[in-house]
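Chemist: Below are the structure tokens for one structure; questions will follow.
The values are calculated or read from the model by the stated rules, or taken from the named source; none is laboratory data. Note that this is a predicted model, so its numbers are computed, not measured. Every residue, glycine among them, receives a Cβ derived from its backbone with ideal geometry; neighbour counts consider all protein chains shown.
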Amino acid sequence: MKQLRNRLLLAFLLAALGPLVVSLWVTSALLERSLSLNSTREMDSLSKALRATGRELYQQACENLRSAVETGRLRPERFALSARTTWPPEVAAFHESGRNEGFALAGPKGDRLEMLVRRDTEVLRYTRQMKSSQLPRLAEMYTSAWDRVEESRTRDLRSGFLYPLLLIGAAGGVLTIVVLVFFAHRISKPVHQLTQALERLAAGDLSVRVAPRRKDEIGAALEAFNRMAEQLEQSRERLILLTRLSSWQALGRKMAHEVKNSLTPIRLTVEEMAARQPAGVDRQFFEQAAAIIVDEVNRLEKRVRAFSDLAAEPPVHFTDFDINEVMEERIAFLRSAHPEVLYNLRLAPRAPLVRADEDLVRGVLTNLLENAAEAAGAGGVVLGITAIHDGALRIEVHDSGPGLSLHARETLFEPTISFKKTGMGLGLSIARKSALLSGGDIECIPGELGGAAFRLTLRPAATSSVHLSETETEWAQSES
């Protein structure tokens with residue numbers, strides 16, 4: 001069973017992880033290709049070009065400012081050495097540098113160009129506003145481009161994208177494996193249970209059952225196994241009963257033959273002795289003794305005939321007939337024999353025809369209804385029921401008698417076991433034998449009227465002719 005689970009896991013893994021691996025490979029390849037096309041180099045080249053352009057523009061602006069100073073178009077701002085402590089920081093820094101001339105961008109936006117000139121007693125500062133100059137804009141663009149280039153150099157984009165991608169793929173793979181293990185176990189567990197149940201069934205344990213707990217095809221297979229095991233268990237019980245009945249049949253035939261040969265001459269001799277009785281003998285005593293002997297002989301002959309009926313194997317003829325009509329006809333026949341008993345009927349409407357031996361079924365119903373009337377007694381009630389359940393026809397007979405004890409239920413269908421004063425214990429055995437020969441069976445059920453109840457189950461005529469009960473019927477006939 002582990003091999004089945006492992007195969008299911010392998011198949012699921014190939015079906016689920018295969019596309020996941022391919023997706024990761026394609027994503028990684030596309031990521032690598034996209035990173036190879038990034039604009040870091042272009043940004044670097046652009047920043048250098050902006051730097052060169054800005055430098056040229058700055059030098060040109062410085063030349064224009066020097067020209068304006070030399071021609072006297074600009075007036076300087078003077079910073080005397082005597083007031084050095086009040087100089088602005090940029091002026092002080094220029095004086096300390098030791099240079100004679102210098103240029104610098106000033107203003108909050110860098111849009112003002114200053115020229116500083118050093119004299120012996122003072123520092124001159126010439127200022128010119130660059131309204132149309134693009135130097136601040138170029139400086140800002142250059143700074144932004146340079147920052148991006150430096151940032152791209154310090155970051156590993158491949159690792160930043162590839163590692164999270166692999167981590168997400170690994171997490172998805174682990175989750176997929178967990179889900180696959182769960183479903184593989186869910187599929188393989190009932191199959192394992194069914195395999196174990198089949199092994200126990202093959203070993204002879206027909207009581208094994210499997211709890212379905214599912215509504216899919218596997219659950220249907222488990223329910224089918226339970227039905228098969230139940231049918232096999234019932235069939236084994238029937239075959240055991242038929243085997244035992246076969247033994248009793250052989251004994252009955254032998255007993256009937258031996259006892260009948262002895263009873264007939266005994267009865268004839270006693271009758272002849274009574275007829276030839278000499279005068280002067282106590283005739284009344286002699287006649288009473290002869291009557292007792294004849295009665296006992298007749299009772300023995302009755303038992304012999306019962307064993308003959310048990311041993312007899314009449315031919316079975318399957319026909320289609322209406323079970324409701326047979327039930328009504330049997331009750332109408334027995335009402336006259338038992339006028340002190342109340343017979344009630346509860347028939348199934350539109351019941352299908354029954355496929356069985358009609359004569360045997362009539363005998364079974366007669367036996368069950370007769371036993372019910374005797375158990376109910378005067379003023380008692382007998383209820384006859386026909387119903388349809390799971391495609392089978394059920395014929396039930398209930399009585400309002402005292403019911404059956406636990407011991408009586410256990411040995412109810414055993415030959416020679418009788419719980420009636422005038423019974424011989426063969427009636428129910430013969431009735432169940434006839435039911436089995438007709439493709440059905442008899443069982444004792446809880447009674448609706450407080451007494452005993454029996455159920456005869458038969459097949460409808462519409463069912464298939466290939467049935468386990470008919471197999472048992474053929475086997476029982478071949479044994480006799």
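Chemist: Kindly list the number of the only condition in (1) part of a helix (DSSP H, G or I); (2) free of Cβ contacts under 8 Å to residues at least 24 places away in the same chain; (3) more than 11 Å from the chain's Cα centre (by Cα) that fails for Leu198.
Modeler: So Leu198 meets the others, but not (2).
Chemist: In region 369-406, how many residues are in a helix (DSSP H, G or I) and out of contact with any Leu (no Cβ under 7 Å at 6 or more places or on another chain)?
Modeler: Summing the residues that are in a helix (DSSP H, G or I) and out of contact with any Leu (no Cβ under 7 Å at 6 or more places or on another chain) in region 369-406 gives 6.
Chemist: List the number of the failed condition for Glu90; all other conditions in (1) on the phi > 0 side of the Ramachandran plot; (2) modelled with pLDDT of 85 or more; (3) not β-branched (Val, Ile, Thr) hold.
Modeler: Exception for Glu90: condition (1).
Chemist: I would also like to ask the following. Can we say Glu325 is at pLDDT 75 or above, of a type outside the set (Lys, Arg) and exposed (fewer than 14 other Cβ atoms within 10 Å of the Cβ)?
Modeler: Against the criterion (at pLDDT 75 or above, of a type outside the set (Lys, Arg) and exposed (fewer than 14 other Cβ atoms within 10 Å of the Cβ)), Glu325 qualifies.
Chemist: Tell me, please, whether a residue that is part of a helix (DSSP H, G or I), under 28 Å from Leu300 (Cβ atoms) and modelled with pLDDT under 90 can be found in region 409-424. Outline the logic, then answer.
Modeler: First pass over region 409-424, keeping only residues part of a helix (DSSP H, G or I): 409-410.
Pick out the ones that are also under 28 Å from Leu300 (Cβ atoms) and you get none.
No, there is no match, as no residue in region 409-424 is part of a helix (DSSP H, G or I), under 28 Å from Leu300 (Cβ atoms) and modelled with pLDDT under 90.
Chemist: Please enumerate the residues belonging to region 59-88 that are closer than 16 Å to Thr127 by Cα and in a helix (DSSP H, G or I).
Modeler: Within region 59-88, Gln59, Gln60, Ala61, Cys62, Glu63, Asn64, Leu65, Arg66, Ser67, Ala68, Val69, Glu70 qualify.
Chemist: A further question follows. I want to confirm something. Restricting to region 352-368 and keeping residues that are in a loop (DSSP other than H, G, I, E, B) and not charged (D, E, K, R), which single residue is farthest from the chain's Cα centre (by Cα)?
Modeler: Leu353
Chemist: Turning to a different aspect of this structure: Need the failing condition index for Ser400 against (1) under 43 Å from the mean Cα position of the chain (by Cα); (2) crowded, with 19+ Cβ neighbours inside 10 Å; (3) more than 26 Å from Val316 (Cα to Cα); (4) of a type outside the set (A, V, I, L, M), just the number.
Modeler: (1)
Chemist: Related question: Please go through region 287-304 and give me each residue that is modelled with pLDDT under 70 and either more than 30 Å from Arg362 (Cα to Cα) or outside the structural domain of Thr243 (by TED's automatic domain parsing) (or both), ordered by number.
Modeler: If the condition is that a residue be modelled with pLDDT under 70 and either more than 30 Å from Arg362 (Cα to Cα) or outside the structural domain of Thr243 (by TED's automatic domain parsing) (or both), then no residue fits.
Chemist: Right, here's the next one. Suppose we filter region 89-114 for residues that are surrounded by 12 or more Cβ atoms within 10 Å (Cβ to Cβ), in a helix (DSSP H, G or I) and not aliphatic (A, V, I, L, M); how many remain?
Modeler: Residues flagged as surrounded by 12 or more Cβ atoms within 10 Å (Cβ to Cβ), in a helix (DSSP H, G or I) and not aliphatic (A, V, I, L, M) within region 89-114 amount to 3.
Chemist: Inspect region 207-220 for any residue being assigned to a helix (DSSP H, G or I), surrounded by fewer than 12 Cβ atoms within 10 Å (Cβ to Cβ) and either under 14 Å from the mean Cα position of the chain (by Cα) or touching a residue at least 24 places away in the same chain (Cβ under 8 Å) (or both) and give the result as yes or no.
Modeler: yes
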